[in-house]
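What follows is a set of notes on a single structure, which appears directly below.
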Amino acid sequence: MDANKSVAGLSVLLQSGALDPVDLARTLLEKIAGYKDQSIFTELLGERALADAELSSQRLRSGRSLGLLDGIPATWKDLFDTKGAVTTAGSAVLTIAAPAVADAAVVTALAGAGMVSIGRTNLSEFAFSGLGINPHYGTAHNPASRDVPRIPGGSSAGSGVAVAAGLVPVAIGTDTGGSIRIPAAFNGIVGYKATRGRYSMQGVFPLAKSLDSLGPLCRTVQDAIWIDAAMRGRTAPNIGRSDLSGLKLVIPETIVFDDAEPGVVAAFEAAVSRLEKAGARIKRRAFPIFAEIFAIGARHGALVTAEAFALHKARLEGPEAERMDQRVVARTRLGEKITMSDYIAIIDARQRLIAAFADSLEPGELLIHPTVPHVAPAIAPLLADDDLFFKINGRTLRNTSIGNFLDGCGVSIPCGTGDAGMPVGLLLSGQKNQDEALLSAALSAEAVIRGDA
């Protein structure tokens, strides 16, 4: 038994008694330990996983299941505290930190639903890159690649690869500029970035608190809905399918298609055609607000950079900076140039643009566009050329970062393949706190977007 099944598929087996949680956990731990790429995890939680699984097994055998997720394995991006483990944030400088004395709030929530914590996954150092390259723990290779080693996407790099490679059915990540949706798109899986604040951030190492959000990377939208409910302490999900014929989708004509690879555009447009044939109402519209977001960044600096610099200022001024990924150091130090007046200008502009964006949409409208304008690029050229690294990192984060700046929510769904047969993601996005409507629409549209219907 492996994790190529969805959460829902595994749940059927576990709840029926056809599969024992201990056997599942042991099998996955063995598969991870023997997997050719050992850069996916920073730590396996073997002892905890087997103990969690044994408790689940006892409950299921005695008819006291905690619900749909009892016995389901999960992994955690190495930003989430898990009791007794060191939260490294993908950095060498935190390896000597004290182990966490308690689980992060969402770790506790999923444990309360009976889920089994298998391990902690690798990421871009301090979550500050959309590519997933890590010089300390290695760079996980995208399992979809059949030619050269390609990036996993970041910063939730190991999370995306762990699910795509069938090592776990679900991984929990963070998203500050696209860090869930990008690896989901690059690896051909589903990634749901919730509205910021939907879940507790207690016990999660931050990057930029004005932008940080959480969510699952998994195989299906239904899986994401189940995990979302548990992360909020619900015993069962309450989101149903919306009417596909009543779905109102808007394709932005500003920014998101700039420099897009033809293969990505072709896969996206094929999915749009399928949605239209299924009855979805689709419009195309310019969004000058998107261009203004990037103009504000050019004028005052990026919000994420300002807050990341404030977080790491003391670290950058001391000897620890020499032990960090120098690309992360260089990008973070750009925040030193952002003044307090710049920061206030960014915050004020953000609130204005969030309101203007809401006014620009009709009730019930959701956005769709390519999650990333290119497929996962090869690793080697990015390691050899810092200028190329920063150029591709900026382009990779561009489309998804719009949703973070506007404080919205989004789901990336596989919609086909592009260059080199690599996966392409379609991003379905909603406004702040429209998560239920977004997930309902994604649930109804997923099969059509994938081309399965």
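List of remarks:
- Sequence ranges 126-137, 417-428, 179-190, ranked by mean other-Cβ count within 10 angstrom, highest first: 179-190, 126-137, 417-428
- Calculated from backbone phi, Karplus (6.51, -1.76, 1.60) coupling profile of region 333-341 in Hz, x at Gly/Pro: 5, 4, x, 5, 7, 8, 7, 4, 5
- For region 120-194, the carbon plus sulfur part of the accessible surface works out to 50%, probe radius 1.4 Å.
- If the segment from VAL265 to LEU334 were pulled out straight at 0.36 nm per residue, it would be longer than the present Cα-Cα gap by 21.6 nm.
- Dipole axis of the chain (+1 Lys, Arg; -1 Asp, Glu on Cβ), positive-most option in ALA445, VAL265, GLY177: ALA445
- Within region 38-115: Cβ-based charge dipole about Cα centre, in debye rounded to nearest 20 (Lys, Arg +1; Asp, Glu -1): 220 debye
- Residue-wise HN-Hα coupling along region 218-228, computed from phi with Karplus coefficients 6.51, -1.76, 1.60 (Hz; x: Gly, Pro): 7, 8, 9, 5, 4, 4, 4, 5, 5, 5, 4
- Computed from point charges on the beta carbon alone (+1 for Lys and Arg, -1 for Asp and Glu), the dipole magnitude for the chain about its Cα centre is near 540 Debye.
- Dipole size of region 1-152 about its Cα centre, with +1 on Lys/Arg Cβ and -1 on Asp/Glu Cβ: approximately 220 debye, rounded to the nearest 20.
- When the residues HIS374, HIS141 are ordered by accessible surface, computed with a 1.4 Å probe over the protein chains alone, the sequence from largest down reads HIS141, HIS374.
- Accessible surface area normalised per residue over region 10-117 is 40 Å², counting heavy atoms of protein chains with a 1.4 Å rolling probe.
- Each of GLY246, HIS300, HIS374 was placed along the dipole of the chain (beta-carbon charges, centred on the mean Cα), and the one lying farthest toward the positive end is GLY246.
- DSSP bridge analysis restricted to the chain gives an antiparallel fraction near 65%, rounded to the nearest 5.
- Positive-end residue, the chain charge dipole about Cα centroid, Cβ charges, pick of ILE282, VAL190, SER155: ILE282
- Between GLU253 and ARG285, ALA286, PHE287, the built amide H atoms are under 5 Å apart, and every one of these is 5 or more places off in sequence or on another chain.
- Cα shape, region 82-187, gyration tensor, a/c 1.5 rule: oblate
- Distances between placed amide hydrogens fall under 5 Å for GLY173 paired with GLY215, LEU217, all partners being 5 or more residues away or on another chain.
- Gyration tensor verdict on region 325-452 (Cα atoms; rounded if a/c is under 1.5, prolate if a/b is larger than b/c, oblate otherwise): oblate
- With 18 Å as the limit, the listed pairs LYS193/LYS277; LYS77/LYS432; LYS209/LYS313; LYS248/LYS283; LYS248/LYS277; LYS5/LYS31 have LYS193/LYS277; LYS77/LYS432 beyond it between alpha carbons.
- Couplings 3J(HN,Hα) for region 367-382, derived from phi with the Karplus relation 6.51 cos²θ - 1.76 cosθ + 1.60 (θ = phi - 60°), are 9, 9, 6, x, 4, 10, x, 8, 7, 4, x, 5, 6, 4, x, 6 Hz, where x marks Gly and Pro.
- Relative packing of peptides 6-18, 294-306 - highest average C-beta neighbours within 10 Å first: 294-306, 6-18
- Shape of region 239-309, Cα gyration tensor, a/c cut at 1.5: prolate
The values are calculated or read from the model by the stated rules, or taken from the named source; none is laboratory data. Only a predicted model underlies this, so the values are computations on that prediction, with no experimental measurement involved. Cβ atoms come from the backbone with ideal geometry, glycine included; neighbour counts cover every protein chain shown. All accessible areas refer to the heavy atoms of the entire protein, side chains included, with ligands and DNA or RNA removed. Shrake-Rupley method; radii C 1.70, N 1.55, O 1.52, S 1.80 Å.
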